[in-house]
Amino acid sequence: MKQILPHFRTLLIFTLMFLLLACSDSVTDSTEQQSTTDTDSETETETETETETIVEAADPPFFFDNAVIETITTESCTLSGGTQTTCYRITIAGEPVVDEIGPFCPPNIDSDASQGGIWFDGSGEVYDIDGEFISNLDSLYGDGWLLYDPSTGEVNITDTQTACEAAARPNVDAAYQNYCVQCDLDYYGGGINETLLLPVTPIPLANPSYVNSNMGISLNGVILAAQAPVDAILSNYTIAAFDDCGGHINPNDGYHYHAATGCSTGPDEEDGHASLIGYALDGYGIYAMLDASGFEETDLGECRGHTDDSRGYHYHVASPSENMFIGCFHGEQGEWIGSE
Ligand SMILES: [Zn+2]
Ligand SMILES: [Zn+2]
């Protein structure tokens, strides 16, 4: 498939050139008659022909099979800095291509780490959510925590759609304080489609910008979300449990990641560099934090990016303990359109 694409692109370019030539040769062409009397009209017409047409992308970014709706198209777009350019239109397939979703909350205070997921609050630690973690929350976060029934040891879990939707939001329903929060993707038909526009050619910003929005998309079709709002979560005496892949489910976004723990890793890079894991909203690639030998790059900038000859500018994702993917956007962001 990869080998066929360049030929397809060449064919497409020749086809476009032929159409453009045909247009400009034909004086009576209705498009030209409708265009303005401006002497630049021919240039304008050509630009419009190129940018307003939605075409199948000739050389689309790499994703795992079935992670995104098959046809990635290109269309004109305006980036966050005002640059008008061409973007890939990418739609997450809805049901993410992951081996397994969950577990999130362990059933009781005797549960081992395999029965629960992970938790991080940005303070530099990643905790296994096992029974011991649940029973010691007061020593970690102070008085007022009791996430289980002391008589049975059962953990309070939001195990219905009603409970999930009352608790998986910033203003947690008071009835679900002291709950371990989890939702089931089946409540949302197995997943939620999300569409985004990524610039085909990233445009660097003069000054990097920090925006706490969805940061991008993983190769396996999962949202790389904004920082988890851990202060709001903890102030409501809840733990919005992540699974071991750093993901969890909410009613708006479906399954989404707040950390990269190795569950979306692309092919090995030829030069031994860390592998691609996804794309940031500004179109630059996001690579794993470490390469295969456990080496972390030492020249990363504030956005956690650097430049090399093979990849140009690209990011290396942060550790899960930092509750973020990248430090800021190096380039103008595309657009997160959302579910359609
Ligand atoms: Zn979340
Ligand atoms: Zn690198």
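Any read-out appearing in this document is the output of simple, stated calculations on the displayed coordinates, not a laboratory observation. Small disclaimer: the values here were computed from a predicted structure and weren't measured. Virtual Cβ from ideal backbone geometry, glycine too; neighbours counted across all protein chains shown.
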Highest mean first, how do 163-174, 86-97 rank when packing is the count of other Cβ atoms within 10 Å averaged over residues? 86-97, 163-174
Please sort 127-134, 65-72, 106-113 by packing, taking for each peptide the average over its residues of neighbouring beta carbons within 10 angstrom, highest first. 127-134, 106-113, 65-72
Arrange the peptides 220-230, 197-207 so that the one whose residues have, on average, the most other Cβ atoms within 10 Å appears first. 220-230, 197-207
The set of residues whose placed amide H lies less than 5 Å from the amide H of Met215, leaving out same-chain residues fewer than 5 positions away, is Leu224, Ala225, Ala226
What is the distance in Å between the Cα centres of segment 268-282 and segment 67-140? 19 Å
